[in-house]
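The values are calculated or read from the model by the stated rules, or taken from the named source; none is laboratory data. Just so it is clear, the structure is predicted and the values come from calculations on it, not from any experiment. Reconstructed Cβ throughout: ideal geometry from the backbone, glycine too, with neighbour counts over all protein chains shown.
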Amino acid sequence: MAYLDPISPSLTIFKNPQLTRFQIAISPPNPLLLSRPGIQNLRMSMNKRSVVIASSTTAASEKQKKRYPGESKGFVEEMRFVAMKLHTKEQAKEGEKETKSPEERPVSLWEPTVDGYLRFLVDTKLVYDTLEEEATSPTYAEFKNTGLERSEKLAIDLEWFKEQGYEIPKPTALGKTYSQYLKDLAEKDPQAFICHFYNIYFAHSAGGRMIGRKVAERILEGRELEFYKWDGELSQLLQNVREKLNKVAEEWTREEKNHCLEETDKSFKYSGEILRLILS
């Protein structure tokens, strides 16, 4: 006759020899076994492998960090590093580009003309008009009224040329194309737009000022245009914008930052084409 009373769970393993053998099989290993040389070597080998894997992972991580020079100082430094690489040796000590175009030669070798300079100023004003108009949108509110704005200054300079009897030209196709490109980026690709914003304003505050001074000596009897004057300390204005750019970029992914850096070449291309007008 079958035994109808249920077996207490606490007694099950003692009443079933198979369960007893199973429990023995999964019991903690005998400490004495671990003292055997084979076991010790296995443990040491596994520990050593873990150290190697950890070291390799750390090294790979460090190597990846080295791919972005200037990253530790903020994203603006990353943009500056990439931009300087696109200069020639004559333009900057960090430059790596070979001199090919006339505007890439030392400014002392330039042969500017007043008409060409006017075309440059008119197209440049159109570019700044676009940048400053886009800065009024909520997306780029951080970059409104930074003190670096150039549009009004250029308007004063063009009026002065007009008073001297020069005819002010219409914007060229180069200026119109760049202006439209910036508008498209501002709407659809903010990271790329910021790349142009940075390179245009910061380049003008450095190399742009030097070019303006040299050109003025050659064709304007040394007159300093308003385009090259700022209200306030320029170094502080630049630092304020630098901090704003770094803050905005903190919200970007690494991929978005890289996308911004990759736009630098186009920024140089468009700006270089307009700069070349000085020699036309």
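Structure values in brief
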item: Matching entry among Ala60, Ala92 (being out of contact with any Lys or Arg (no Cβ under 6 Å at 6 or more places or on another chain), aliphatic (A, V, I, L, M), at pLDDT below 75 and closer than 26 Å to Arg254 by Cβ); result: Ala60
item: Any pair with Cβ under 9 angstrom, 6 or more apart, that starts in the stretch 133-149 at a residue that is free of Cβ contacts under 8 Å to residues at least 24 places away in the same chain and farther than 13 Å from Ile194 by Cβ and ends at one that is buried (at least 18 other Cβ atoms within 10 Å of the Cβ) and among the aromatic types (Phe, Trp, Tyr); result: Glu149/Tyr128; Glu149/Tyr201
item: Hey, Asn199 surrounded by 13 or more Cβ atoms within 10 Å (Cβ to Cβ), modelled with pLDDT of 95 or more, farther than 22 Å from Thr130 by Cα and not aromatic (Phe, Trp, Tyr) or not; result: no
item: Odd one out for Arg276 among (1) free of Cβ contacts under 8 Å to residues at least 12 places away in the same chain; (2) more than 14 Å from the chain's Cα centre (by Cα); (3) in a helix (DSSP H, G or I); result: (1)
item: Failed item in (1) buried (at least 16 other Cβ atoms within 10 Å of the Cβ); (2) of a type outside the set (Val, Ile, Thr); (3) touching a residue at least 60 places away in the same chain (Cβ under 8 Å), with Lys214 passing the rest; result: (1)
item: The one condition in (1) surrounded by 14 or more Cβ atoms within 10 Å (Cβ to Cβ); (2) of a type in the set (D, E, K, R); (3) without any contact (Cβ under 8 Å) to a residue 60 or more places away in the chain that Arg223 fails to fulfil; result: (1)
item: Residues of the stretch 139-180 satisfying the condition of being part of a loop (DSSP other than H, G, I, E, B), in contact with a Lys or Arg (Cβ under 9 Å, 6 or more places away or on another chain) and surrounded by 14 or more Cβ atoms within 10 Å (Cβ to Cβ); result: Thr146, Arg150, Pro169, Pro171, Thr172
item: Complete set of residues in the stretch 103-129 that are in a helix (DSSP H, G or I), β-branched (Val, Ile, Thr) and out of contact with any Lys or Arg (no Cβ under 6 Å at 6 or more places or on another chain); result: Val114, Val122, Thr124, Val127
item: Among the residues listed as Phe193, Phe227, Phe202, Phe143, the single one being within 18 Å of the chain's Cα centre (by Cα), of a type outside the set (Val, Ile, Thr) and within 17 Å of Leu275 (Cα to Cα); result: Phe202
item: In the stretch 181-196, the residues that are among the charged types (D, E, K, R) and either assigned to a helix (DSSP H, G or I) or surrounded by fewer than 14 Cβ atoms within 10 Å (Cβ to Cβ) (or both); result: Lys183, Asp184, Glu187, Lys188
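Every residue, every condition in (1) crowded, with 19+ Cβ neighbours inside 10 Å; (2) over 21 Å from Ala192 (Cα atoms), yes or no:
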site	(1), (2)
Leu237	no, yes
Glu255	no, no
Cys260	yes, no
Glu263	yes, no
